[in-house]
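Structure first, commentary second.
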Amino acid sequence: MTELGMVPATILLVDDDPISIRLLRSILKDDGEVIFATNGEEAIRLAQTQQPDVILLDAEMPGLDGFAVCERLKQDEVTARSAVIFVTAHNDTERETRALDIGAVDFITKPVSPPIVKARVRAHIKLKQQGDHLRRLAAVDGLTGIANRRVFDETLARELKRAGRSRHPLGLVLLDVDFFKLYNDRYGHLEGDACLRAVAQALHKLSRRPADTVARYGGEEFALILPDIDRPGVEQFGGIICDTIRNLKLPHEASKVHEFVTVSVGLALLPGGAEVTSEAMIRKADELLYQAKLGGRDRFIVGDIA
Ligand SMILES: [Mg+2]
């Protein structure tokens with residue numbers, strides 16, 4: 001299952017009957033890493049931590065049954081992408097329709113036929129992984145390889161919600177390559193593209209925490225979303241960004257501030273417990289970026305919002 005450079009699949013088996021699990025595992029052991037749960041709660045926990053490609057879900061279980069589990073999985077964005085195949089002893093249209101309605105992709109009846117289970121699971125792994133691949137492509141800015149504007153918008157909205165719930169601070173950085181139009185005029189657009197790629201890569205390396213997001217905001221503007229960062233952290237980050245880009249030593253003869261490419265940076269900090277809209281947060285970072293430009297470029301300005 002490694003065609004198209006895809007990663008080995010993870011298959012989660014959920015059944016309250018260990019004999020069923022053993023049987024399915026023997027059928028599917030060559031199609032990916034097989035993990036299992038014998039009740040609904042455990043299944044949800046494993047789905048969250050392992051993010052399996054495919055889940056074979058027993059409809060009839062004591063406690064949380066398959067339908068309840070599937071509904072919970074589909075409501076949580078962490079688990080919603082796993083393909084759920086119901087496995088049930090009851091072959092009736094109403095149950096099958098209900099399963100598909102709540103987000104299952106397929107429906108297999110017990111006693112299972114090994115070749116059918118294998119073929120269906122393989123087909124759904126392939127679809128799921130192709131979908132993942134397309135999602136990754138759709139999330140990436142084609143020129144620089146970092147997150148694109150759409151991902152930035154979604155991430156900022158999500159992080160603002162999370163910050164509101166957790167009462168943790170949130171930092172938003174907007175930065176702009178200084179005199180980039182003059183750079184393009186002087187060196188040409190291919191060199192301009194290479195410059196943007198170099199800046200993007202440098203920013204990507206700076207954002208070491210897994211929760212940080214670096215995105216191309218548009219043109220020669222980049223954005224970083226920094227969850228749970230305090231004021232000293234933001235100030236330090238502003239300095240590091242300016243130094244790092246300047247130290248790339250990309251010649252910029254047309255620049256009016258430096259012999260190398262530099263950036264101007266606005267860093268807006270949402271203090272813990274405050275709540276604002278994405279638009280207000282971006283407007284603030286943009287204002288600070290504008291002040292950094294007015295102040296002479298190749299510098300950063302930090303400001304609180306709300
Ligand atoms: Mg059962």
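Listed by chain and number, the aspartates and glutamates placed with their C-alpha closer than 19 angstrom to that of K181 are E191, D193, E220, E221, E253, E259, D286, D298; residues fewer than eight positions away on the same chain are left out. Computed on protein heavy atoms with a 1.4 Å probe, the accessible areas place H258, H90, H252, H124 in the order H90, H258, H124, H252, largest first.
Note on surface exposure: T97, T144 rank T97, T144 by accessible area, highest first, 1.4 Å probe. Surface composition of segment 3-139: carbon plus sulfur atoms hold 54% of the accessible area, using a 1.4 angstrom probe and ignoring ligands, DNA and RNA.
In this simple spin-label model, placing a label point 7 Å from the Cα along the Cα-to-Cβ direction at both S166 and D193 gives a separation of 3.8 nm.
Based on DSSP H segments of at least four residues, each scored -39500 (n - 2.57), the chain has a per-residue ellipticity at 222 nm of -15500 deg cm²/dmol.
Measuring r between the beta carbons of L248 and K118 and using R0 = 35 Å, the FRET efficiency lands at 0.10.
In loop segments of segment 178-274 as defined by DSSP, the GluC sites (Glu not before Pro) with at most 10 further C-beta atoms inside 10 Å of their C-beta are E253. When peptides 128-137, 32-41, 284-293 are sorted by average Cβ neighbour count within 10 Å, with the highest value leading, the order is 284-293, 32-41, 128-137. Using bins of 10 Å that start at zero, the share of Cα-Cα pairs per bin across segment 177-306 amounts to 12, 45, 32, 10, 1, in whole %. Within the chain, DSSP assigns beta bridges of which about 50% are antiparallel (rounded to the nearest 5). With axes computed from alpha carbons, what is the tilt in degrees of helix 40-50 against the longest principal axis of the chain, rounded to the nearest 10 within 0 to 90? The answer is roughly 40 degrees. In a reduced charge model with +1 at each Lys and Arg Cβ and -1 at each Asp and Glu Cβ, the chain shows a dipole moment near 560 debye about its Cα centre. Over the chain, accessible surface divided per residue gives 49 Å², non-protein components excluded, 1.4 Å probe.
The A211 and V140 beta-carbon pair, evaluated with R₀ = 22 Å, returns a calculated FRET efficiency of approximately 0.75. For V7, the solvent-accessible surface with a 1.4 Å probe is about 100 Å², rounded to the nearest 10. When you count the other C-beta atoms within 10 angstrom of each residue and take the mean per peptide, 23-29, 55-61, 69-75 line up highest first as 55-61, 69-75, 23-29.
The values are calculated or read from the model by the stated rules, or taken from the named source; none is laboratory data. Quick caveat: nothing in here was measured; it's all calculated off a predicted structure. Heads up, the Cβs are rebuilt from the backbone with ideal geometry, glycines too, and the neighbour counts pull from every protein chain shown. Surface areas here come from the heavy atoms of the whole protein model, side chains and all, with no ligands, DNA or RNA. Shrake-Rupley method; radii C 1.70, N 1.55, O 1.52, S 1.80 Å.
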